[in-house]
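Enquirer: Got a structure for you, written out below as structure tokens; questions coming shortly.
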Amino acid sequence: MIPELGKYAFAVLSSYGVSILLLVGLAWMSVQRARKLRQRLEEVEARMKRHG
Amino acid sequence: MSIWEYANPKKFIATTTPILPWLTGAAIATLVVGLIWGFFFTPEAANFGASVKIFFVHVPSAMMAINAWAMMLVASLIWVIRRHHVSALAARAAAPIGMVFTLIALFTGAVWGQPTWGTWWEWDPRLTSFLILFLFYLGYIALWEAIEDPDTAADLTAVLCMVGSVFAILSRYAVKFWGQGLHQDSTIAKVGERDPLHASYYLPALICMAAFVLIFVALVLIRTQTEIRARRIRALEARMRA
Amino acid sequence: MIALLKRDLALAVRAGGGFGLGLAFFLIVITLVPFGVGPDTGLLGRIAPGIVWVAALLAALLSLDRIFALDHEDGSLPLLATSPLPLEGVALIKGLAHWITTGLPLTIVAPVLGFLLNLDTAAFPWLLASLALGTPALSMIGAFGAALTVGLRRGGLLMSLLVLPLYVPTLIFGALVVARGAEGFSTHMPLLMLAGITAGVFALMPFATAAALRINLR
């Protein structure tokens, strides 16, 4: 199934691998931070309401 | 109804939240299709062999690395002229994404250069320009991180972005004078000319480019929302302490 | 404006102004390079233009944070901002003062160091010319970097990160002038480009510097 890459195997595979890894890493970090801050904002807003 | 209504943070979050799942889905779908097509179903090129498959990550990321900076410049200008906070935050949100694209372009360029040019790194105008672009991203992000007051930070980084753009273009041409390149010229815009990109590469390349654009937009929206929320938390906490 | 220039020069020359420090740093960097690459005179001669230019760049960088930091600490920066002198003029003078205290002495000393590095004698006039033309741009770009980071407590390192990429075009054309001069080629194009960069930097950078200062003083 994997196409014949010959002497370029390392170059092709590593560039696909690293690119996907970097993109996924960036997306994961963005989503994690988004989730964390959304929760914190809800907490802070709830606290604001309680204190008026 | 004008486009500036979206500069209201609340309105921005309200409109972008329902779009985001679709956008993310489209980004992932095009990326998967484009990369699988590029990896499995493209022929070897006569002069590059199988290494031509790197094209499908190298070129879109390089393109978006530059476009991300251009978007930051536009957002900075909007912030300076119209003082919409969302604009400044979007510029901030875009910087790390642009930096990652630059990194991808540099890395894939290096591993592509190794077998075809026989060297990992060549002080070639295009490669060098990207290294400089990477440094610009680093400085820009560092300046955002260093300044406490959000409005001051937004103003100063906007000034830096504008000055940096001028110098980035200047460096690009300076670097061109300074070295003869191994890097070939852009092939995308050469359709119909003597040495065009082969038709069997054209479609997957376009899909990959679309994928990178979608990824960029989706990530910018997510990160801008995060920055808006971070700002709001700061404001609320300051009010509570008062 | 003249009074401000005189004041800045007097402050720099007086003890603690760091007037000689940049020069000493320049000398040390150039002395260290042969230890790093070996005493091969042919090799040294070939890389001399680049070394002299990089050393000049680092020496200029060393004293950049003093441009506005001292005035910021003792509170004279807000005074300057409210004086009848436009802030753009202040920025220009500050950059000029920095050049007179670092760039100018560097330019004068550089030929002596060229001998140390076995630079081709044909390149000496070009070395002088390129440094005289290029170092003012280094000072003015540096003033902008200093203005961006003036409010920060540990801005020095950040400023280097911001300023050094901006130095790239100046460095390329400056070193190119010397390298071409040494090989006997025409230095016309890089010299003109270098002059163009310096002129453009002096025309536009004071505005960017003043804008950054205003934001920081707000």
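Enquirer: Would you calculate a helix-derived [θ] at 222 nm for chain B, using -39,500 (n - 2.57) for each DSSP H run of n ≥ 4 and dividing by the full residue count, to the nearest 500?
Expert: -28000 deg cm²/dmol
Enquirer: Here's another thing I want to ask about it. I want to verify the translational diffusion coefficient of chain B in µm²/s; compute it with Stokes-Einstein, Rh as the Kirkwood radius over Cα pairs, at 37 °C and 0.692 mPa s.
Expert: 167
Enquirer: Can I ask one more? Run the reach check for C:K94 against lysines, Cα to Cα strictly under 27 Å, same-chain hits fewer than 8 apart removed. What comes back?
Expert: Filter leaves C:K6.
Enquirer: While we're here: Using a cut-off of 26 Å between alpha-carbon atoms, which lysines can reach A:K7, once sequence neighbours fewer than 8 places away in the same chain are excluded?
Expert: B:K53
Enquirer: Could I ask something else about it? Kirkwood Rh over Cα pairs of the protein assembly as shown into Stokes-Einstein at 25 °C, 0.890 mPa s: D in µm²/s?
Expert: The estimated diffusion coefficient comes to 97 µm²/s.
Enquirer: Could you work out the mean count of beta carbons from other protein chains within 10 Å of each residue's beta carbon in C:155-163?
Expert: The shielding value for this peptide is 4.
Enquirer: How do B:E237, B:E148, A:E43 line up, fewest other C-beta atoms within 10 Å first?
Expert: Result, fewest neighbours first: B:E148, A:E43, B:E237.
Enquirer: Can you report the principal axis dimensions of the range C:151-218 using only the alpha carbons, biggest first, rounded to whole angstrom?
Expert: 52, 25, 10
Enquirer: Take the range B:199-242, compute every pairwise Cα distance, and split them into 10 Å bins from 0; I just need the percent in each bin.
Expert: 25, 25, 19, 15, 10, 5, 1
Enquirer: Using only the Cα atoms of the range C:117-199, what do you get for the radius of gyration and for Dmax, in Å?
Expert: Cα radius of gyration and Dmax of the range C:117-199 are 15.0, 48 Å respectively.
Enquirer: Arrange the peptides C:169-177, B:133-141, C:197-205, A:32-40 so that the one whose residues have, on average, the most other Cβ atoms within 10 Å appears first.
Expert: C:169-177, B:133-141, C:197-205, A:32-40
Enquirer: Now, a different point. More than 23 Å apart: what percent of Cα pairs in the range C:2-217 qualify?
Expert: It works out to 45 percent of all Cα pairs.
Enquirer: In the protein assembly as shown, with Lys and Arg counted as +1 and Asp and Glu as -1 at Cβ, which of these residues, A:V18, C:A59, B:L106, has the Cα nearest the positive end of the dipole, that is, farthest along it?
Expert: A:V18
Enquirer: In whole Å, what three semi-axes, largest first, describe the equivalent ellipsoid of chain A built from its Cα gyration tensor (square root of 5 times each eigenvalue)?
Expert: That gives 47, 7, 4 Å for the three semi-axes.
Enquirer: Relative contact order of the range B:18-241: what whole-number percent is it, with Cα pairs under 8 angstrom and at least 6 residues apart?
Expert: 34
Enquirer: Connecting C-alpha atoms closer than 10 Å in a GNM of chain B, tell me which of B:G113, B:G98, B:G34 has the biggest fluctuation.
Expert: Taking springs between Cα atoms under 10 Å, the residue moving most is B:G113.
Enquirer: Of C:P34, C:P165, C:P105, which has the largest mean-square fluctuation in a 10 Å C-alpha GNM of chain C?
Expert: Among C:P34, C:P165, C:P105, the largest GNM mean-square fluctuation belongs to C:P165.
Enquirer: How many angstrom lie between the C-alpha centres of the range B:52-88 and the range C:119-185?
Expert: 28
Enquirer: What does the convex hull of the Cα atoms come to per residue for the range C:1-124, in Å³? Walk me through the intermediate numbers first.
Expert: Details: hull volume 13.2 nm³, N = 124.
Hull volume normalised by residue count: 106 Å³.
Enquirer: Name the lysines eligible as straight-distance cross-link partners of B:K11: C-alpha to C-alpha under 28 Å, and not fewer than 8 places from it in the same chain.
Expert: A:K36, A:K49
Enquirer: Over all directions, average the projected area of the Cα convex hull of the range B:1-143 and note it in nm².
Expert: So the Cα hull casts an average projection of 10.9 nm².
Enquirer: Further, regarding this structure: So, R0 is 30 Å and r is the distance between the beta-carbons of B:K176 and B:V74; what FRET efficiency does that work out to, to 0.05?
Expert: 0.75
The numbers here are math on the coordinates, done by the rules we state, and not lab data. If you're wondering where the values come from, they're calculated on a predicted model, not measured in any experiment. In this analysis, Cβ positions are derived from the backbone assuming ideal geometry, glycine residues included, and neighbour counts consider all displayed protein chains.
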